[in-house]
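Taking it in order: structure first as structure tokens, then the write-up.
None of the figures in this text is laboratory data; all of them are computed from the coordinates on show. Being a predicted model, the structure only gives us computed values, none of them experimental. Every residue, glycine as well, gets a Cβ built from its backbone with ideal geometry; the counts of neighbours run over all protein chains shown.
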Amino acid sequence: MKTMTGTGDDRMHDVAIIGGGPSGATAAITLADAGHSVLIVEKEEFPRFRIGESFLPKTLELLQEMGLEEQLRSHPHWVKLGIEIGFGDGRADLTRISFEDVMVKSEHQAFNMRRSIFDKMLLDAATERGAEISSGNGVRAIENLTAGDVRLRLEDGSEVRARHVIDASGQASLLGRAMKTRKIMEEYKNIAYFEHFENVVRPSGDRVGFASVIMCREGWFWLIPLDEKTTSVGVVVDSRIARKIDVPANERLQWCIRNCPVIAERMANAVGPETNQVISDFSYTCAPYAGDGYFLVGDAAAFVDPVWSTGATLGMLGGRHAGQLLNAVLEGRLSSKRAERRHHKWLKRHRNTFLKLIGSFYNHSFRELVIEGKGPMETHRALITMLAGGVFPTIPFRVRWRWEMLMVMAAFHSRIPIVGKRRPHSMLTMAGISFDSPFEGVINGKDDGLKASWRGR
């Protein structure tokens, strides 16, 4: 039963959700479907632009669970069947990673979609299910944060009262900043440059529907088909290395494209803006992820790196998890304290899983194993399973031991080659800019095996 008291500013909502993006909307749907009163406080008007347009098969399964697959299919999107990955010099074919090779019962496809469309679809679904929304009016202050008594002061001076709050404010990390728990992860202090283009060459043949990850010494590119015409193109570069690129930040995507042969070839006839958008310092954590009266979900809790497109999936599943826990609390089946502990533990475990997956990508020895395509005892299938989001609710044993074996192989390979060594393409070198300390042999502050890869070359 929906629980609401009073009218206007006096109403006590069961849950206030800060932010109407995918994480917040998913939480709202979960709570509203159970009959609880939900108010979404969103400072922006939808639709609005967001990056993060590629999703995992696990996301599709969640949308099916929420009864939203038909709505998804009715909007412009691109079916995602896998990923192709390789180095930017073009000396070798890119490696094909298909979702058909997952080791668990799972969808074998995902999707790519403009976030302006996807986010509005979810927010509309939340309001159709019974959630209310206050849009164009963000949170100015947290006046009280206690289970049973949460008070938020909005920008227009009005007050929102609720029994609990879910922070889904994205990279604004409203509660994390207010409580001073937001910590930048120095080892992933990157900068992303991105835009949308048409006429980008896409994978063909048995790779139709694949997104592309193109690696260079200084970072990596994404090419993500969004619909029949539009492709999202971006590059992620270590912030220290980015300072060596002597062009304005809003022109660095074009600079990187020119200095990466694979990307330059695919973008030869591309149509789009000469300037780019920028996001910097986007790797951080705001632990603890739950506390007295509050739950953090999505980017409001933590974000590391967009390389494997894990952010939106973890955010939506986190919103679902927080919503289900609060359903139990509001229905008297679970105490607030226990729900908070469970959410923190759940989010910490899955964030750490994805952190290991992302951290491995920045190890050059791991990259060399990945582009071999197949490994002994199906270790490559363990990787594909994790890339598909097959780690919920836990990582199956048959996946876990193969993943650990792959990590051991990468460590061994960094010292004694077990597959062919590949010299990574350098955009700086192609542009005539020399490497010097602290960049030599290091990506994101970690020895990535580059020096070993170059021996004998």
### Query
When DSSP beta bridges are limited to those with both residues in the chain, what percentage is antiparallel, rounded to the nearest 5?
70 percent
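Could you compute the FRET efficiency for Glu70 and Ser434, with r as their C-beta to C-beta distance and R0 at 56 Å, rounded to 0.05? Write down the numbers at each step before the final one.
Details: r = 55 Å, r/R0 = 0.99.
The value I calculate is 0.50.
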### Measure of compaction for the chain (Cα Rg per 2.2 N^0.38 Å)
0.99
### Query
How would you rank 341-350, 265-274, highest first, on the average number of other Cβ atoms within 10 Å across their residues?
341-350, 265-274
### Summary
Listed by chain and number, the lysines with an alpha carbon less than 19 angstrom from that of Lys345, same-chain partners under 8 positions apart left out, are Lys183, Lys337, Lys356
### Query
Separation of the range 127-154 and the range 244-300 by C-alpha centroid, Å?
30 Å
### Gap separating the Cα centres of the range 351-402 and the range 13-62, nearest whole Å
29 Å
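Once you list every other residue whose beta carbon is under 11 Å from the beta carbon of Gly420, what net charge do they have if Lys and Arg are +1 and Asp and Glu are -1? List each step's numbers first, then the result.
Details: positive: Lys421, Arg422, Arg423; negative: Glu368, Glu372.
My count for the surroundings of Gly420 gives +1.
If we count every other residue with Cβ under 10 angstrom of Pro57's Cβ, Lys/Arg +1 and Asp/Glu -1, where does the sum land? Could you put the intermediate results ahead of the total?
On the way: positive: Lys58, Lys80; negative: Glu61, Glu107.
In short, 0.
Just subtract the alpha-carbon distance of Met405 and Arg258 from 0.36 nm times their residue separation and send over the number in nm, one decimal.
Numbers: separation 147, 0.36 × 147 = 52.92 nm, distance 3.78 nm.
That works out to 49.1 nm of additional length.
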### Paramagnetic label zone (point 7 Å from Cα along Cα-to-C-beta, Glu159; backbone N under 20 Å) in the range 35-58
38-42
### Message
Need one number: the % of Cα-Cα pairs in the range 255-313 sitting beyond the 18 Å mark.
### Response
58 percent
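Mind checking the dipole of the range 224-313: about its Cα centre, +1 per Lys or Arg Cβ, -1 per Asp or Glu Cβ, Debye to the nearest 20? Intermediate results must be reported in sequence, preceding the final value.
Working: 7 positive and 11 negative charges, 66 e Å.
The dipole of the range 224-313 has a size of about 320 debye.
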### Summary
The simple spin-label model distance between Lys180 and Asn250, using points 7 Å out along Cα→Cβ, in nm, is 3.5 nm
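Only helical DSSP H runs with n ≥ 4 go in: add -39500 (n - 2.57) per run for the chain, normalise by residue count and round the 222 nm mean residue ellipticity to 500 deg cm²/dmol. Numbers along the way, then the final one.
On the way: 15 runs with 151 residues, N = 457.
It comes out at -9500 deg cm²/dmol, rounded to the nearest 500.
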#### Entry: Packing-based order for 160-173, 43-56, using average beta carbon neighbours within 10 Å, highest first
160-173, 43-56
#### Entry: Distance between modelled label sites at Ser135 and Lys345, nm, 7 Å Cα→Cβ extension
3.9 nm
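Please report the net charge: other residues with Cβ closer than 12 Å to the Cβ of Val79, K and R +1, D and E -1.
Values: positive: Arg73, Lys80; negative: Glu107, Asp227, Glu228.
With Lys, Arg at +1 and Asp, Glu at -1, the neighbours total -1.
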### Query
Which value results when the Cα radius of gyration for the range 245-396 is divided by 2.2 N^0.38 Å?
1.34
